[in-house]
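Here, each number is a calculation from the coordinates, and none is a lab measurement. Source: prediction; values computed, not measured. Please note: Cβ atoms are built from the backbone with ideal geometry, for glycine as well, and neighbour counts cover all protein chains shown.
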């Protein structure tokens, strides 16, 4: 029996490669998207470095070359009735939830961006959960969260997968609780609130949820997005949406100094874009059991500091490193140890930076120089 999977936000940076991957594996994919990321390109004057085909061309090409993908325009946060209607129509076995404003810097630009991020992300998540339990279908929800829900404090030691063992001093009892949230931006705040929404619906209605706390994504293309120009993935390099390694690569290929915030001692967890799709499939194939609490996996491959990444790219290209004022309210340096036993126990074998795929990203950046806009490289949002 073929799986019907909803991919909310399937036109986005992580959603599109995942949709293709699942379709290639024989799943019937239905993308729900309001194309808001394309509108933000216009708003911020920061288009993808790669040329992105229209959603219509993407879908038709995917069906010709990859597998079954349908597209339904749906604003999950603002049109809950349409969301309910689509769930009833297709009766998906899994709903993959990428449909959130994903950039921490964008979420901190101004009042409008802060309100939009919170309304879009949290209301959308709640609309989804409420619709599923009201329709009463056995649907597995896979949500793309973020490592940023944990923060980067060393108070609790190594970061576990979602839950923390504690001892209650007043009683001497042991407990296992949701890891204390420590968001660093409005975007991260919304992911913390998502966690509580999932816990609530899991406890009260038995909703089956896997929450994947993902590290920072690097890479652009996968084996499927690269087979035809109309399937190409987006390449964000600007200061608002560009992930750090992709930004460094695009800067180096255009002989623009690698802009490191502060001393560059911020340790972060990373994952390749192809591994995002593979981890989603593992989560689909291994849903929580009936009555099980929200399952949380740390979807990460390795930990590096920002300076280590910059030095790696600089050694490849000879482009200088330039330290700039850090726009974020964060530790100048931190250590980071992250557990990721859950996905590894299911067979996850990550792609590491040392495997050479950085060269593939550099090739793409080098061949899209005409789209590079120096005016959008630096972060325009500050929260210090």
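Tabulated data for the structure shown
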read-out: Residue within region 262-277 that is more than 30 Å from residue 177 (Cβ to Cβ), surrounded by fewer than 17 Cβ atoms within 10 Å (Cβ to Cβ), in contact with a strand residue (DSSP E or B) (Cβ under 8 Å, 6 or more places away or on another chain) and in contact (Cβ under 8 Å) with a residue 40 or more places away in the chain present; value: yes
read-out: Test set (1) part of a loop (DSSP other than H, G, I, E, B); (2) buried (at least 20 other Cβ atoms within 10 Å of the Cβ) - residue 20 fails condition number; value: (1)
read-out: Residue match in region 28-42 (condition: more than 19 Å from residue 273 (Cβ to Cβ), assigned to a loop (DSSP other than H, G, I, E, B) and touching a strand residue (DSSP E or B) at 6+ places or on another chain (Cβ under 9 Å)); value: yes
read-out: Single match in 76, 7 (criterion: within 18 Å of the chain's Cα centre (by Cα) and in a loop (DSSP other than H, G, I, E, B)); value: 76
read-out: Hits in region 113-159 - residues which are out of contact with any strand residue (DSSP E or B) (no Cβ under 7 Å at 6 or more places or on another chain), assigned to a loop (DSSP other than H, G, I, E, B) and crowded, with 18+ Cβ neighbours inside 10 Å; value: 151, 152
read-out: Listing of strands (runs of 3 or more DSSP E) fully contained in region 248-358 that carry 2 or more residues being under 29 Å from residue 371 (Cβ atoms) and touching a helix residue (DSSP H, G or I) at 6+ places or on another chain (Cβ under 8 Å); value: 258-261, 267-272
read-out: Test: residue in region 225-235 that is farther than 20 Å from residue 52 by Cα, touching a helix residue (DSSP H, G or I) at 6+ places or on another chain (Cβ under 9 Å), in contact (Cβ under 8 Å) with a residue 12 or more places away in the chain and not in a strand (DSSP E or B); value: no
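Conditions tested, residue by residue: (1) in a loop (DSSP other than H, G, I, E, B); (2) touching a strand residue (DSSP E or B) at 6+ places or on another chain (Cβ under 9 Å); (3) more than 18 Å from residue 155 (Cα to Cα).
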site	(1), (2), (3)
165	no, yes, no
172	yes, no, yes
177	no, yes, no
181	yes, no, no
184	yes, yes, no
193	no, no, yes
210	no, yes, yes
